[in-house]
Structure formats: C-alpha cells, structure tokens
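Pasting in a structure now, in structure tokens, and then I'll have a few things to ask.
The values are calculated or read from the model by the stated rules, or taken from the named source; none is laboratory data. On a predicted model such as this, the values are computed, not experimentally measured, just so you know. Don't worry about glycine lacking a Cβ; one is built from the backbone with ideal geometry, like all the others, and counts go over all protein chains shown.
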Amino acid sequence: MNFIDTSVQKYFSLARTAGLTEYMYIISNIFDVSFYSFIVFICITALVYLFRGVRYAILFFLTIVSTGVLVYLFKIFFNIARPTDGVFVAFGQSFPSYHATMATVFFVILMYIFDNYFSSFLRVIFNIICLTLVFTVSFSRIYLGVHWLSDVLFGMILGVFIVYFSVWVFRKSTASL
C-alpha cells in the first residue's frame, strides 16, 4: 500500500490548483475539531430530536461521540506520520483519517435515521447528497496532502463499521421496548 499511497500523494502535489485547493480546504474544515463543528453537531442533534425523537437523537449523539474517541485511540495505537508535502500543517497522527471517519459516520447515520422519513424521491436526493459529502470530505484530505490514501480508505471503512455496529445495538436495545 505504501507505493500506492506515495504515488497518489505525488500526483496530487503536482496537480493542485489554487481554486480547487481553496474549495477543498473549506470542505475539509467542516469536520475539524472546533467550536464551530461542536455547535453544528449540537444543532444537528437537536434537529434529529425534533424530527425523529429522543431515541434517534441519542443514537446520533452517542455514535458521533464514540467515533471521535475511537479514532483518537486508533491514532495513538498506530502512530503513523502524516505526509510531509501538505498544503497546511495538520496536527496529530495520520492513521486513520478523523475527517473521513467522522464524515462517513455523520452522513451514513443520518441516512439511516431519516431512511423512512422522506418520500422515496427525497430519500434518493438526501442519500446522494450525503454520499457526495462523504466522498468529497474524504477526498479533500488526500488532495490537501494531510492524509495518505490508506488513511482515508480505512477511515471510511471504519465509519461504515461503526454505523453498522451502532445501528445493530440500537435495534437490539429498542426491540425490547
């Protein structure tokens, strides 16, 4: 995987443009650990509560929080350095990508929560938007040179696994109610 990681990294370091770099930077900042993202997280949790109820709000909240903790622990355990030719300096270790994992969990859990809320046409549109944002946020981390391709791919896979596990636990716990 190292050869593929370095080849992809070299390609994007040569292919960057000013406009696309600015766009990718903005997209990437959506899932930064910041006061702004904390406020957005609380607002989305409140919206989930208003539209889907307390059970789904708790599912959303606990899944996102546990993902942040799990990714942090993975980063400590694997201790893999970031690429050195990034557009900006990112702190911490590289593997797995926090942004890719969090974007995957955030949008895929929303797809689950609102699956039977929208009509079929709106559900398709909502899911397309969610999946597009997952891939865009994840791609932005590679494009900006702050993650290896393997960091992002594992982060996305980890995110899907976390959502699957969270939904499994959610269904088991609500089946008895």
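If I go through the range 22-44 residue by residue, how many of them are surrounded by 16 or more Cβ atoms within 10 Å (Cβ to Cβ) and assigned to a helix (DSSP H, G or I)? Please lay out each step first, then the result.
From the range 22-44, those surrounded by 16 or more Cβ atoms within 10 Å (Cβ to Cβ) are 24, 27-28, 30-31, 41, 44; that's our starting set.
If we keep only those that are assigned to a helix (DSSP H, G or I) as well, we get 24, 27-28, 41, 44.
Count: 5.
From the residues in the range 154-177 that are surrounded by fewer than 19 Cβ atoms within 10 Å (Cβ to Cβ) and aliphatic (A, V, I, L, M), which one is farthest from residue 106 (Cα to Cα)?
Residues of the range 154-177 surrounded by fewer than 19 Cβ atoms within 10 Å (Cβ to Cβ): 157, 160-161, 164-165, 167-169, 171-177.
Now restrict to residues that are aliphatic (A, V, I, L, M): 157, 160, 167, 169, 175, 177.
Details: 157: 13, 160: 10, 167: 13, 169: 17, 175: 24, 177: 26 Å.
If we take residues in the range 154-177 being surrounded by fewer than 19 Cβ atoms within 10 Å (Cβ to Cβ) and aliphatic (A, V, I, L, M), then 177 is farthest from residue 106 (Cα to Cα).
Hey, among the residues in the range 112-133 that are over 16 Å from residue 26 (Cβ atoms) and crowded, with 16+ Cβ neighbours inside 10 Å, which one's nearest to the chain's Cα centre (by Cα)?
Taking the range 112-133 as the starting set, the residues that turn out to be over 16 Å from residue 26 (Cβ atoms) are 112-131.
Going one step further and asking which of them are crowded, with 16+ Cβ neighbours inside 10 Å, we end up with 112-114, 126-127, 130.
On the way: 112: 15, 113: 16, 114: 18, 126: 16, 127: 15, 130: 11 Å.
Per the criteria, the residue is 130.
Same structure, new question: Could you give every pair whose Cβ atoms fall below 6 Å, whose first residue belongs to the range 129-145 and is aliphatic (A, V, I, L, M), and whose second residue is part of a helix (DSSP H, G or I) and surrounded by fewer than 24 Cβ atoms within 10 Å (Cβ to Cβ), counting only separations of at least 6 or pairs across chains?
Note: pairs meeting the criteria are 133/107; 134/107; 137/27; 142/149; 144/24.
This table checks each residue for (1) in contact (Cβ under 8 Å) with a residue 40 or more places away in the chain; (2) aliphatic (A, V, I, L, M).
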position: 48; (1), (2): yes, yes
position: 61; (1), (2): no, no
position: 81; (1), (2): no, yes
position: 100; (1), (2): yes, yes
position: 106; (1), (2): yes, no
position: 113; (1), (2): yes, yes
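Something else now. May I ask you to list the residues in the range 71-108 that are surrounded by fewer than 17 Cβ atoms within 10 Å (Cβ to Cβ) and aliphatic (A, V, I, L, M)?
Passing the criteria: 73, 76, 80, 81, 89.
Which residue pairs have Cβ atoms under 8 Å apart, sit 6 or more places apart or on different chains, and have a first residue in the range 11-36 that is closer than 15 Å to residue 146 by Cβ and modelled with pLDDT of 80 or more and a second that is of a type in the set (D, E, K, R) and surrounded by 10 or more Cβ atoms within 10 Å (Cβ to Cβ)?
13/85; 28/141
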